[in-house]
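Below: the structure, in structure tokens.
What follows draws every value from the coordinates through simple rules; no lab data is involved. Note that the structure is predicted; figures quoted are calculated from it, not measured. Glycine gets a Cβ as well: all are built from the backbone with ideal geometry, and neighbour counts include every protein chain shown.
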Amino acid sequence: MSGKEPDPHGTISAVAERYDLLAALLDGSPTRRELAADLGVSKSTVYRALTELADNGVLTENGSRYRPTLYGWLVFRRYQRLLETVGQYRPSGFLASAVADSPIDPTLLLDADVDVPDRNAPDRLLETIRDVVTDATRLRGFSPVVRDDFVTMFADDTAPDFEAELVLERPALQALRDDYAADGRLADADDAVSLRHVDTTLPFGLLAVEEPTPAVLVVVFGPTGAVQGIVRTCSEDAYTWATETYEEYYAASAPASLHDDR
């Protein structure tokens, strides 16, 4: 490594361009000849790559062999994690369709768990939502959608001392009444859950858990009501945003019940 401090952008670029070589080095400590044979390139190409990585502080030379430095190991692993993140949140779905100035504060994503649908585990998103609801004893939220699995969560899976305050779009409230007003499972839930309705369109679903541990869950729905993605976080900033956002829609809502408007 030269005496000049490496430029972080240059280091990331070098790691990205020399990814396969670094991965081979992390699997062992091959010689330049072995690297050239494994990667199917010339020894001179390997030498230039090794020199570039060494100049960026990623590698250290030991005779005819190079080994990653602790700095190099950390940068490489972080870059791997970035690749995994980009691959998981591919340019499709709700993250790609939502713009940075959408009602969802983009800073929430930085410290959050973000999940998108997985064709091999189609119920995983619903299980995450269920975990949040069943762990809560008090929450507030809103939803543009009523789904049978959501009704089951609130009717059957909540804690005995559970309390909730939910704002629904008027059509969602009507769907709840049409489909579940006679459902005996909701007799207790009707006392535990305070319903309200709004005539405006709710942009996503939101749950702000107050007790026992503050947490936030944002649920993004597709045109047919399918869950397109969820954002789960416990950060203080996210909880502040969630409560403020909820209060905005609460202020525009009116009291309601499962059977008729109060």
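In this structure the amide hydrogen of L59, modeled in the peptide plane, comes within under 5 Å of the amide hydrogens of A54, T69, none closer than 5 places in sequence on its chain. When the chain is described by a simple charge dipole with +1 on each Lys and Arg Cβ and -1 on each Asp and Glu Cβ, the residue from S235, A192, G87 located farthest towards its positive end is G87.
Per-peptide packing, taken as the mean over residues of other Cβ atoms within 10 Å, places 248-255, 134-141, 16-23 in the sequence 134-141, 16-23, 248-255 from highest down. With R₀ set to 45 Å, the beta-carbon distance separating A175 from T85 gives a calculated FRET efficiency near 0.80. Taking only the C-alpha atoms of the range 114-158, the Rg (one decimal) and the largest Cα-Cα distance, Dmax (whole number), read 11.3, 33 Å. Modelled this way, with points 7 Å down the Cα-to-C-beta line, the labels at H259 and N62 are 7.8 nm from one another.
A simple count of charges around E17, restricted to other residues whose Cβ falls under 12 Å of its Cβ and scoring Lys, Arg +1 and Asp, Glu -1, yields 0. With the helix formula -39500 (n - 2.57) applied to DSSP H stretches of n ≥ 4, the chain reaches a computed 222 nm mean residue ellipticity of -13500 deg cm²/dmol.
Taking +1 at the Cβ of each Lys and Arg and -1 at the Cβ of each Asp and Glu, which of V220, F76, T128 sits farthest along the dipole of the chain towards its positive end, judged by Cα position relative to the Cα centre? It is F76.
When I129, I230 are arranged by Cβ crowding within 10 Å, least crowded first, meaning fewest neighbours, the order is I129, I230. Of all DSSP-defined beta bridges confined to the chain, some 70% are antiparallel rather than parallel. Summarising the label geometry, the points placed 7 Å from Cα in the beta-carbon direction at T51 and W73 lie 2.8 nm from one another. Take the Cβ-Cβ distance between T240 and D27 as r, set R0 to 35 Å, and report the resulting FRET efficiency rounded to the nearest 0.05. With a Förster radius of 35 Å, E is 0.15. In the chain, Cα pairs under 8 Å separated by at least six residues give a relative contact order of 16 percent.
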